[in-house]
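I have placed the structure first, in the form of structure tokens, so that the comments after it can refer back to it.
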Amino acid sequence: EGPRHPRGRRQPERMKHVAAFLLAQLGGKTEPSAEDITKILGSVGIEAESDKLDALLGNLKGRDILEVIAAGRTKMSAMPSGGGGGAAAPVAAAAAGAQPAAAAAKAVVEEEEVEEEASGFDLFD
């Protein structure tokens with residue numbers, strides 16, 4: 001039946017085919033087949049949905065998954081992500097109160113960067 005939401009409703013398995021596709025690629029399959037994905041899903045007790053799987057494989061045929069994901073991120077960044085106007089005043093007040101905290105956090109980060117430079121160690125090098 002699948003995982004359940006805390007309130008008892010069935011939780012949809014929305015990304016199962018994409019996740020299995022990515023796992024197959026990580027395992028060395030440059031173009032995973034329906035059989036590869038079905039096998040991965042079956043290994044954890046999930047049944048593949050052939051219509052969704054066929055649609056996914058059809059859309060990804062001959063395309064680089066990393067480029068598809070990057071294009072999706074670009075589209076997502078252009079989407080509005082706000083709610084109604086009812087919470088605008090509390091949010092603005094919270095943002096105003098957060099400005100001193102943000103300045104203090106920035107000072108701490110800058111101080112840490114100076115310490116890293118002085119020690120010759122940088123986590124991202």
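The values are calculated or read from the model by the stated rules, or taken from the named source; none is laboratory data. If you're wondering where the values come from, they're calculated on a predicted model, not measured in any experiment. No Cβ is skipped: glycine too gets one built from the backbone with ideal geometry, and neighbour counts run over all protein chains shown. Areas reflect the complete protein model, heavy atoms only, side chains present, ligands, DNA and RNA absent. Shrake-Rupley method; radii C 1.70, N 1.55, O 1.52, S 1.80 Å.
Points to keep in mind about this one:
- Average accessible area per residue (Å²) across the range 12-79 - probe 1.4 Å, nucleic acids and ligands excluded: 73 Å²
- Mean Cβ count within 10 Å, highest first, over the residues of peptides 62-72, 30-40: 30-40, 62-72
- Taking θ as phi - 60° and the Karplus parameters 6.51, -1.76 and 1.60, the scalar couplings of the range 36-41 work out to 4, 5, 4, 5, 5, 5 Hz in sequence order, x denoting glycine and proline.
- Residue by residue, the range 23-32 carries 3J(HN,Hα) couplings of 4, 5, 5, 4, x, x, 7, 6, 10, x Hz when phi is fed to the Karplus relation 6.51 cos²θ - 1.76 cosθ + 1.60 (θ = phi - 60°); x denotes Gly or Pro.
- In this rough spin-label picture, where each label sits 7 Å from Cα along the Cβ direction, the Ser43-Val68 distance is 2.0 nm.
- The HN-Hα couplings worked out from phi for the range 48-54 by the Karplus form 6.51 cos²θ - 1.76 cosθ + 1.60 (θ = phi - 60°) are 6, 9, 4, 5, 5, 5, 4 Hz, whole numbers, x standing for Gly and Pro.
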